[in-house]
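I have a structure here, written as structure tokens, and I will follow up with some questions on it.
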Amino acid sequence: MIDPARRPPLPINTRMGFQASLCGRRSKTSPKMRAALSLLLLLLASTHAMHRGKAYIRDKVCQEFNALGKEEFRTLNIIANSRKYSNATFEEIEHLVQEIVSLAATCCAAGADPSCYDAGSSALSAKSCSGASPFPFHPGTAGCCGQEGLEQKLCLAALRHPPQQLPRYLQPSNEELCQAFKKDPKDFADRFLYEYASSYGQAPLPVLLGSTRSFLSMVSTCCISPVPTACFLKEKLARKTLSLLTLLSNRACSRFAAYGKDKVTFSYLTSLAQKVPAASFEDLSPLAENAAEVFSQCCDSVAEDCMQRKLSEHTAKACSSLSARDKRVADCCKGKNLMENYFCISALPPAPAPKLPEVPKSLDKQLCGEEGARHAKRYLFELARRHPSLPEAALSTLYDAASKAREECCSAKDPSSCLQAKRLQTGEKLPPFLEKANQLCGQYTQLTFLDFKKRLQESLAQAVPKASAEQLGQLVEQQADFASTCCPHNSPPLYCSSKVSSELGELCAGGSCLLG
């Protein structure tokens with residue numbers, strides 16, 4: 001969770017601001033802005049460009065600074081550095097961006113000394129290493145500062161915070177937005193860009209940029225409108241697709257960054273299995289592989305329409321393959337807007353568990369054969385179909401355990417005995433846990449939150465009759481917090497995996513959760 005001490009004090013729930021340069025009526029990225037996206041990813045997400053020479057970096061920075069202008073250059077740096085240092089305070093990002101923009105403005109001016117940029121960047125590195133550095137704190141800074149020259153710069157440039165697990169951005173009311181906007185438009189925009197970019201920093205940079213420009217355009221228009229309520233309603237409807245694309249692409253790319261392509265494929269596969277249990281492994285596996293390919297191509301892409309175009313193509317394939325299998329999917333696919341169809345399918349709750357035979361056992365020869373990984377996925381796919389509300393974090397832990405067991409046992413002298421020993425370690429403990437987790441998340445999905453907590457309190461009172469009222473209340477809050485965060489699809493992967501690891505992790509120690 002976010003440490004409140006790291007947050008700058010504000011009169012409203014979010015940090016927002018406004019820039020005149022962002023007041024265009026459209027969220028389309030200008031050609032010169034699109035060109036700069038590549039530069040920012042080059043400079044802020046990697047360091048290999050520095051090996052091409054000091055003049056190369058200076059020339060590229062100055063080329064884009066002069067093409068964009070000071071304000072747009074500054075805007076992109078707020079977004080990029082807020083993504084990179086997602087746990088930094090607004091003041092820390094403000095200091096860093098001010099120094100970067102000042103360096104570019106000074107050293108890119110006509111007649112500036114050719115050594116200006118290198119000397120200035122060296123001074124920034126020295127400032128980062130000082131005891132009273134105003135820049136974003138990173139625990140790896142001390143290690144970098146033990147190096148010298150180019151190696152120090154490369155090391156500092158590579159530092160970045162892990163992305164936010166739970167986005168902290170909360171949009172205030174229309175009245176609060178306009179109050180903050182009118183008080184100080186520039187500060188409003190700066191704080192909004194910082195808050196939004198640090199919260200949704202895993203979304204592709206072009207999507208994030210388009211979304212922030214669209215939002216600031218809406219605020220600047222509606223806060224001076226004679227009928228602001230009607231204006232906000234119209235503008236929010238107009239930017240609904242972009243807003244949802246930002247939210248869902250941030251979730252998908254967070255998952256891709258945490259899991260990698262293979263595990264994202266599995267995650268998408270089991271999610272579809274729970275939504276459309278009538279579809280077979282052969283139906284869903286190609287769709288899961290296609291979705292993972294979309295994220296691998298678009299999460300780090302600077303192509304403006306990559307995510308929207310590729311997801312639209314993916315949705316067309318999903319609708320073609322699954323509409324005949326599931327009425328809910330067919331209803332989602334009736335719309336003409338493929339992105340809205342994708343959002344609709346993504347929002348589908350798990351379907352009721354169908355009457356299916358017992359999960360077929362995977363033969364040891366299959367698990368250790370050429371198609372072993374696919375057979376393990378098929379087994380877990382079948383498990384997900386029969387437990388439609390089982391949270392992804394539990395399935396993810398099972399996947400990791402199965403992979404570990406295959407790695408250990410398939411190279412053993414007696415693979416069958418090794419795999420059997422893993423199964424015996426689990427014994428009878430795992431199935432009840434899976435049923436419990438499935439039931440908990442099923443109730444969360446079906447009931448209102450108040451009814452869910454009431455049902456939870458009743459069941460825990462029976463399960464732990466000797467608990468005091470205070471202890472019972474703590475248990476209720478812990479399980480309700482887990483359910484609200486980790487039961488929904490697209491829950492934060494690393495955060496929720498840590499939530500289940502204490503209980504399921506013991507059962508799966510040493511990869512013993514390979515049941516098939």
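The values are calculated or read from the model by the stated rules, or taken from the named source; none is laboratory data. Just so it is clear, the structure is predicted and the values come from calculations on it, not from any experiment. FYI the Cβ positions are ideal-geometry reconstructions off the backbone, even for glycines, and counts take in every protein chain you see.
Conditions: (1) under 19 Å from LEU205 (Cβ atoms); (2) more than 28 Å from the chain's Cα centre (by Cα). ILE79 meets all but one. Number of the miss?
With respect to (1) under 19 Å from LEU205 (Cβ atoms); (2) more than 28 Å from the chain's Cα centre (by Cα), ILE79 is out only on (2).
Contact list please: Cβ distance under 6 Å, first residue in the stretch 445-474 and under 30 Å from GLN274 (Cα atoms) and not assigned by TED's automatic domain parsing to the domain that holds PRO488, second residue at pLDDT 90 or above and not in a loop (DSSP other than H, G, I, E, B), pairs at least six apart or on different chains.
none
Is it the case that the stretch 375-386 has a residue that's within 25 Å of TYR259 (Cβ to Cβ), in a loop (DSSP other than H, G, I, E, B) and under 33 Å from the mean Cα position of the chain (by Cα)?
Checking the stretch 375-386: not a single residue is within 25 Å of TYR259 (Cβ to Cβ), in a loop (DSSP other than H, G, I, E, B) and under 33 Å from the mean Cα position of the chain (by Cα).
Answer yes or no as to whether SER243 is within 26 Å of PRO493 (Cβ to Cβ) and touching a helix residue (DSSP H, G or I) at 6+ places or on another chain (Cβ under 7 Å).
yes
In the stretch 126-139, which residue that is touching a helix residue (DSSP H, G or I) at 6+ places or on another chain (Cβ under 8 Å) and either more than 17 Å from ILE93 (Cα to Cα) or in contact (Cβ under 8 Å) with a residue 12 or more places away in the chain (or both) is surrounded by the most Cβ atoms within 10 Å (Cβ to Cβ)?
Among those that are touching a helix residue (DSSP H, G or I) at 6+ places or on another chain (Cβ under 8 Å) and either more than 17 Å from ILE93 (Cα to Cα) or in contact (Cβ under 8 Å) with a residue 12 or more places away in the chain (or both), it is PRO136.
Filter the stretch 117-150 down to the residues that are of a type in the set (Gly, Ala, Ser) and part of a loop (DSSP other than H, G, I, E, B), then identify the one that is nearest to PRO162 (Cα to Cα).
Restricting to residues being of a type in the set (Gly, Ala, Ser) and part of a loop (DSSP other than H, G, I, E, B), the top hit is GLY140.
Under 24 Å from GLY369 (Cβ atoms), surrounded by 14 or more Cβ atoms within 10 Å (Cβ to Cβ) and either among the charged types (D, E, K, R) or in the same structural domain as SER498 (by TED's automatic domain parsing) (or both): which single residue out of ASP414, ASP400 fits that description?
ASP400
Hey, could you check the stretch 264-292 for residues that are within 21 Å of THR246 (Cβ to Cβ) and not small (Gly, Ala, Ser) and say which is farthest from the chain's Cα centre (by Cα)?
Once the filter is applied, the top-ranked residue is TYR268.
Just to be sure I understand the filter: pairs with C-beta atoms under 6 Å, separated by 6 or more residues or on different chains, first member in the stretch 339-362 and closer than 30 Å to GLU313 by Cα, second member surrounded by 20 or more Cβ atoms within 10 Å (Cβ to Cβ) and of a type in the set (Gly, Ala, Ser). Which pairs pass?
PRO350/SER389
It is to be established whether one or more residues within the stretch 415-424 are touching an Asp or Glu at 6+ places or on another chain (Cβ under 6 Å) and among the polar types (S, T, N, Q).
Scanning the stretch 415-424, I find at least one residue that is touching an Asp or Glu at 6+ places or on another chain (Cβ under 6 Å) and among the polar types (S, T, N, Q), so the answer is yes.
Out of the residues in the stretch 314-343 meeting the condition of being among the polar types (S, T, N, Q) and either in a helix (DSSP H, G or I) or in contact with a Ser or Thr (Cβ under 8 Å, 6 or more places away or on another chain) (or both), tell me which one is farthest from GLN274 (Cα to Cα).
In this case the residue turns out to be ASN337.
Would you check if there is a residue in the stretch 192-214 being out of contact with any Lys or Arg (no Cβ under 7 Å at 6 or more places or on another chain), part of a loop (DSSP other than H, G, I, E, B), surrounded by 20 or more Cβ atoms within 10 Å (Cβ to Cβ) and at pLDDT below 85?
There is no residue in the stretch 192-214 that is out of contact with any Lys or Arg (no Cβ under 7 Å at 6 or more places or on another chain), part of a loop (DSSP other than H, G, I, E, B), surrounded by 20 or more Cβ atoms within 10 Å (Cβ to Cβ) and at pLDDT below 85.
Looking only at the stretch 107-125, filter to residues that are of a type in the set (Ser, Thr, Tyr) and surrounded by fewer than 17 Cβ atoms within 10 Å (Cβ to Cβ); which one of those is nearest to the chain's Cα centre (by Cα)?
Filtering the stretch 107-125 for residues that are of a type in the set (Ser, Thr, Tyr) and surrounded by fewer than 17 Cβ atoms within 10 Å (Cβ to Cβ), the one nearest to the chain's Cα centre (by Cα) comes out as SER122.
List the residue pairs whose Cβ atoms are under 8 Å apart, where the first residue sits in the stretch 367-384 and is under 17 Å from CYS409 (Cα atoms), the second is among the basic types (Lys, Arg) and in a helix (DSSP H, G or I), and the two are 6 or more positions apart or on different chains.
Filtered contacts from the stretch 367-384: LEU367/ARG406; CYS368/ARG406; GLY372/ARG406; ALA373/ARG406; ALA376/ARG406.
Here is a further query. Among the residues in the stretch 267-290, are any over 26 Å from LEU434 (Cβ atoms), of a type outside the set (Gly, Ala, Ser) and not in a helix (DSSP H, G or I)?
no
Let me ask something additional. Does the stretch 325-338 include one or more residues that are surrounded by fewer than 15 Cβ atoms within 10 Å (Cβ to Cβ), more than 20 Å from ARG385 (Cα to Cα) and among the polar types (S, T, N, Q)?
Yes: one or more hits.
Among the residues of the stretch 103-116, what is the count of those that are out of contact with any Ser or Thr (no Cβ under 8 Å at 6 or more places or on another chain), part of a helix (DSSP H, G or I) and either closer than 22 Å to SER198 by Cβ or not polar (S, T, N, Q) (or both)?
Result for the stretch 103-116: 3.
Considering only the stretch 439-481, how many residues are among the basic types (Lys, Arg) and not in a helix (DSSP H, G or I)?
The number of residues fulfilling the criteria is 1.
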